[in-house]
Amino acid sequence: MGKPVLLSVDDDPGVSRAVARDLRRHYGEEFRVLRASSGPEALEALRELKLRGDPVVALLADYRMPEMNGIEFLEHAMDVFPRARRALLTAYADTDAAIQAINLVDVDSYLLKPWDPPEEKLYPVVDQMIQAWRDSPDAVVEEVKLVGHRWSAPSFRARDLLARNAVPYRWFSVDEPEGQRLLAAAEAGPGDVPVVITPAGVVLRSPTETELAGVVGLSVDPQSAFYDLIIVGGGPAGLGAAVYGASEGLRTVLVEREATGGQAGQSSRIENYLGFPDGVSGGQLANRARRQARKFGAELLLARDVVALEAHGPKRVLRFADGSSIAAHAVVLATGVSYRSLGVAGAEELTGRGVYYGSAMTEAAECADRKVFIVGGANSAGQAAVFFARYARSVHLLVRGPSLERSMSQYLIEQLAGIDNVHVHTCTTVAEAHGSDHLEELTLQDAQTGERATHPASHLFVFIGGAPRTHWLDGVLVRDEHGFIPTGPSLLEDGSRPHGWTLDRDPYFLESSLPGVFVAGDVRAESVKRVASAVGEGAMAVTLVHRYLEER
Ligand SMILES: Cc1cc2nc3c(=O)[nH]c(=O)nc-3n(C[C@H](O)[C@H](O)[C@H](O)COP(=O)(O)OP(=O)(O)OC[C@H]3O[C@@H](n4cnc5c(N)ncnc54)[C@H](O)[C@@H]3O)c2cc1C
């Protein structure tokens, strides 16, 4: 953030210089003194200051200026910086101007030119303005500013991306005055949201996730075209592989579509991961792992979607959605699973606008005093219920089966039973979601009787198990009927190696049907779906990568 600003506007260059000189001499150490020669020029300067988040303390505007008089300027300036104090300068007493200035723009002072000596005529007035501003200054926002619509899926995705990548940001709704002021300064309209404004004043309107990640300083472009090891997926398995790969001297890059942490990053509290007896939030775990991987020299690319894998001789090439590619000797696929969609009428249209997959912790504050619905009977749904119960008036856990015992850990069942505002509804499914702009109602169905009832609802969080999104590997390596990737012994049929296998040995335990491409974590067929096992497989995959590299 720059120094707070004192801005003077006068079309007479001599007067303009004199005001700025007097102000600088007295206030220059603490304040930045800017001058403009017309209202439009000053408004442009204010617009830039707004975007950069620099505070403006006082505006001193000449009354008689050709393009836009001082009162008109101050009127516009108030839209941008309502808390900046305002003074009007005139060459002679002009009662009409004074009355107008007081009525229209509520000026603090009315100054007659010239003001010699400034010690008597100018500084006391400016001192008062500075004091008035200090008593009620602009809130200073040094982070990224994100202006969006409360119920817009793209706005939600932008918030989620920043939050999950631990980028500090401040959210402004288009409905609040400061949100509107920022939009005006960015020369954007409500149709352009989300609008992102960086601390340096760079504006992005409706950015793609890669554009957004790039502008807030997340690394999106590879530093090299060729690596020893490329890891696809930044969940626990991918991060585990990155830490071991980089620490063991492999030139390693990890590519993540959204944010590091994967599913685990969405967990409000992981209680069964070794070494954290009091539990750890997925966000914290991901943050530590990310720092650890970077410390060892792993490169992390974020908001980049890998869409193809190709084998060019011994080279393994991975292609991004924009057509560019990187290559390596070996690859670890750690792409995990994504939530299955709810698949009921209305839910798809309302995704990101009241219907969320996973915890969407950025929504927690919005759930205050509301009734929150959570679908799912596994640990992830249970953790979310415990988490949202701290914010919401009541949490309703909708479980298809007759009890939680078969799908949820006992410690979570006990925790839920001890929270007054959590209500478990067994044998209950979501039949329909309703709402125009955002989720307004849910129709629930009794799984046994088929009876339906509709309830007001603003938030529905869905945790109904995951499916691997591996269609992009179709034809490149063997996948099972659900899309999971078999490895090692599971690839052998009656002792025969998989079709197209070229090496004179069986695939290693975590190796896919394409030599040099290893698989770790939830995406691997028959893997245990746990944080610890994913991290372990990531580490083990790196050992097998070494073995593979040695035999070449
Ligand atoms: C809310 C919640 C709570 C949980 N709680 C626990 C718990 O308490 N204890 C426990 O042991 N387990 C828990 N789990 C399960 C655990 O999180 C998973 O088993 C673990 O995260 C799997 O790790 P992974 O690295 O294999 O995959 P994921 O965590 O699924 O990570 C895969 C990553 O790959 C990325 N990706 C996918 N495709 C691509 C692509 N084409 N290009 C680039 N990137 C891609 C994804 O964006 C994702 O970030 C929980 C899961 C959830 C959802």
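Throughout, read-outs are computed from the coordinates displayed, never taken from laboratory work. This one's a predicted model, so the numbers in the text were calculated from it and none came from an experiment. No Cβ is skipped: glycine too gets one built from the backbone with ideal geometry, and neighbour counts run over all protein chains shown.
A few remarks follow.
- The range 399-480 - convex hull of the alpha-carbon atoms, volume per residue in Å³: 174 Å³
- q = 0.18, 0.20, 0.21 Å⁻¹: log10 I(q)/I(0) that the Debye formula gives for the range 4-129, counting C-alpha atoms only: -0.90, -1.14, -1.28
- Charged side chains reduced to their Cβ positions (Lys and Arg at +1, Asp and Glu at -1) give the range 415-488 a dipole of some 280 debye around its Cα centre.
- Only Lys, Arg (+1) and Asp, Glu (-1) charged, at Cβ; the range 320-380 dipole about Cα centre in debye: 180 debye
- Directionally averaged projected area (convex hull, Cα atoms, the chain), nm²: 32.0 nm²
- 3J(HN,Hα) along the range 279-286, derived from phi through the Karplus expression 6.51 cos²θ - 1.76 cosθ + 1.60 where θ = phi - 60°, amounts to x, 8, 6, x, x, 5, 4, 5 Hz, with x in place of Gly and Pro.
- Rounded tilt (10° steps) of 13-27 against the dominant C-alpha axis of the chain: 70 degrees
- Sequence of 171, 115 once ranked by neighbouring C-beta atoms within 10 Å, starting from the fewest: 115, 171
- Distance histogram in 5 Å bins (all Cα pairs of the range 40-100, percent per bin): 4, 18, 30, 23, 13, 8, 3, 1
- Per-residue Cβ neighbour counts within 10 Å put 436, 490 in the sequence 436, 490, beginning with the fewest.
- The chain - charge dipole about Cα centre, Lys and Arg +1 at Cβ, Asp and Glu -1, debye rounded to 20: 1380 debye
- In loop segments of the range 67-133 as defined by DSSP, the GluC sites (Glu not before Pro) with at most 14 further C-beta atoms inside 10 Å of their C-beta are 67.
- As a length-normalised measure over Cα pairs under 8 Å and 6 or more apart, the relative contact order of the range 422-545 settles at 14 percent.
- Backbone HN-Hα couplings from phi across the range 489-500 [Karplus 6.51/-1.76/1.60, Hz, Gly and Pro as x]: x, 5, 8, 7, 10, 6, x, 8, 6, x, 4, x
- Spin-label model, residue 150 to residue 550: label points 7 Å out along the Cα-to-beta-carbon direction sit 6.1 nm apart.
- Close amide H partners of residue 144, meaning residues 5 or more places away or on another chain with modelled amide H under 5 Å apart, are 170.
- Once the Cα atoms are used to define both axes, helix 236-247 deviates from the longest principal axis of the chain by about 90 degrees.
- The range 1-62 shape via C-alpha gyration tensor axes, a/c threshold 1.5: oblate
- Using alpha-carbon coordinates, inclination of helix 95-105 to the longest axis of the chain, degrees: 10 degrees
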